Amino acid sequence: MQSTDSTLALHRSQPALDAFSVSFTLREDEQHIVSEWFPPPPARVLDLGVGNGRTTVAFKRMGYEVVGIEYCRELLAHGQALHPDVDMREGDARCLDLPDASFDAAIFSWNGIDYMKPVDERMKVLAEIRRCVRPGGIVFLSSHNVGGVLYRLLRPWFLTLQGLRFIWDQLAHWRSRGGWYFVWRDDSLGRPVFHSAPPVVQVRLLREAGLEPLAVRSVLRFREPASWWRDVHVNYVCRRPED
């Protein structure tokens, strides 16, 4: 996954390795989207920001021909040692060493794209995903929703410690935020910096990247459209249009 040196250091830590080793299965919301939108196995799937291979292993077990890409060498090595039969490679999602139109579907799971800043870096990732997926192929992304983040953090109004930290982060990262993209931290991984926006902004960015949005779903209520103010985590399903 793409990150600053400080965030990479967090992912090299033993707590991060332990957190990424809890299971090697798709979450229920991911399973639902894959079953609804992905082509059946043995279609080729590009799996980005895989950590130590949770989703990559799951796709392999489902019968897909999957290639996993991970930026953090330590996480990747941990996954390769546990699952030597799964194709997981070191790489940068902004510049993939993969042929054009060589995958039937792509996934960047569990908010991995939110490490990318500024927005231009995010666009590089989306451009590479579009390049590597065939025309008509499916793209599945997960991202934080700043509306849901604010709803969670700022209750009671501006009095929580996390809420005050959130406000401070916006001021400290003002120049790198970029428009509606706000800073959000994950306590479970040592508070790395994520950049996230409301769904309407994410959808606009996907269209600018040449992808056709098909669904914007809640992670918790995975059969329902995402709420701009209630859902912290949102799944986006897109298609590369036919050329």
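Bear in mind that the values in this text are calculations on the coordinates, not laboratory data. Small disclaimer: the values here were computed from a predicted structure and weren't measured.
Which ³J(HN,Hα) values, rounded to whole Hz and listed in residue order, are derived for segment 54-66 from phi using the Karplus coefficients 6.51, -1.76 and 1.60 in 6.51 cos²θ - 1.76 cosθ + 1.60 with θ = phi - 60°, glycine and proline given as x?
3, 6, 4, 4, 4, 5, 4, 5, 7, x, 7, 8, 10
If amide hydrogens are placed 1.01 Å from N in the peptide plane, which non-local residues have theirs closer than 5 Å to the one on Val66?
Val45
Amide H of Arg239 versus every other amide H placed in the peptide plane: which residues, excluding those fewer than 5 positions away on the same chain, fall under 5 Å?
Long-range HN contacts for Arg239: Val139, Glu212, Leu214.
Go through segment 105-112 residue by residue and turn each phi into a ³J(HN,Hα) via Karplus (6.51, -1.76, 1.60, θ = phi - 60°); whole Hz please, and just put x for glycine and proline.
Going residue by residue, I get 7, 9, 9, 10, 8, 6, 6, x Hz, with x marking Gly and Pro.
Collect residues whose amide H, placed 1.01 Å from N in the peptide plane, falls under 5 Å from the amide H of Ser109; neighbours closer than 5 in sequence don't count.
Answer set, sorted by chain and number: Leu48.
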